[in-house]
Structure formats: structure tokens, C-alpha cells
Amino acid sequence: SYTKEMAREYLDMGFFLGIGGVLTFKNARKLVETVEYAPLDRLVLETDCPYLSPVPNRGKRNSSLNLTYVADQLAALKGVDRETVEKMTWDNARKLPFIDADLPVTGGWKRNDIKIIETERRQKQVKS
């Protein structure tokens, strides 16, 4: 987990911060402080799959299906609705250099988006 001071250094260097299931843990005080400090336009969601599932699935295998719990917690800390978190973190992820810039702009993500995106990529590759 990040400390607020570490986050400040990474943000000053232009990096994004990846926020995962640990944010939902009772003992995530440092990460909560970091998330409260960091601007939403510099955060992305991550799974840490197969580890660190968010509450209420802690201890079970993690997957991207659990991102809704992280998004809910992030929304509560930022005082915005989950749709805002989904849209902003989706837009932020699209800015990363290893993400396909041709991904569809959906205005947020849904549970099946990752499967849909992978299917679209494969279809593009087959057509090429």
C-alpha cells in the first residue's frame, strides 16, 4: 500500500496510482489517507488477481468482477457516485501507454467489459 508521501512523489512524476481490493480492508488506514489525498483523475482500478480480494470476498480468488466493491469504496471516500468513479478510472486507464487506444469509450465499465474488449481485439486481429 502507498503512503500519502509516496503517492505525492509518484504523482509529481506523472504516474497514476492503482487502487485495488485492499482499499476495502478495515486496516487500510494508510491507503485510505492516500486515496483521499490523490486526485481522482490520477487513479486507476486494479485487481491484484488472484490475490487481495476486496471485502466481502476477502480470502477468495480475486478477479475483475470484484472491481465494483473497490469502485464503491472509492466513490464513498471521494464523495461522488460510482458512475463517476467508473468513468474517470476508465478514462484514466485509457491514457496508460500499454492500453489499446482504440478501446471503445463506454462512459464507464461493466462486469463484462473486459471480456468484450478482449473479444473485439481478437476480432480485429482475425480481420487483419
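So here's what we get for this one:
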quantity	calculated
Selection from the stretch 1-22 of residues that are open to solvent by 70 Å² or more (accessible area, probe 1.4 Å) and either in a loop (DSSP other than H, G, I, E, B) or within 19 Å of D81 (Cα to Cα) (or both)	S1, M13, F15
Some residue of the stretch 23-33 being open to solvent by less than 60 Å² (accessible area, probe 1.4 Å), closer than 25 Å to N57 by Cα, in contact with a strand residue (DSSP E or B) (Cβ under 7 Å, 6 or more places away or on another chain) and touching a residue at least 40 places away in the same chain (Cβ under 8 Å)	no
Of all residues making up the stretch 38-77, the number that are among the polar types (S, T, N, Q), buried (at least 16 other Cβ atoms within 10 Å of the Cβ) and closer than 24 Å to D91 by Cβ	6
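The values are calculated or read from the model by the stated rules, or taken from the named source; none is laboratory data. It should be emphasised that the depicted structure is a prediction, and the values quoted were computed from it without experimental measurement. Because the Cβ atoms are built from the backbone with ideal geometry, glycine has one as well, and the counts that use them run over all protein chains shown. Areas reflect the complete protein model, heavy atoms only, side chains present, ligands, DNA and RNA absent. Shrake-Rupley method; radii C 1.70, N 1.55, O 1.52, S 1.80 Å.
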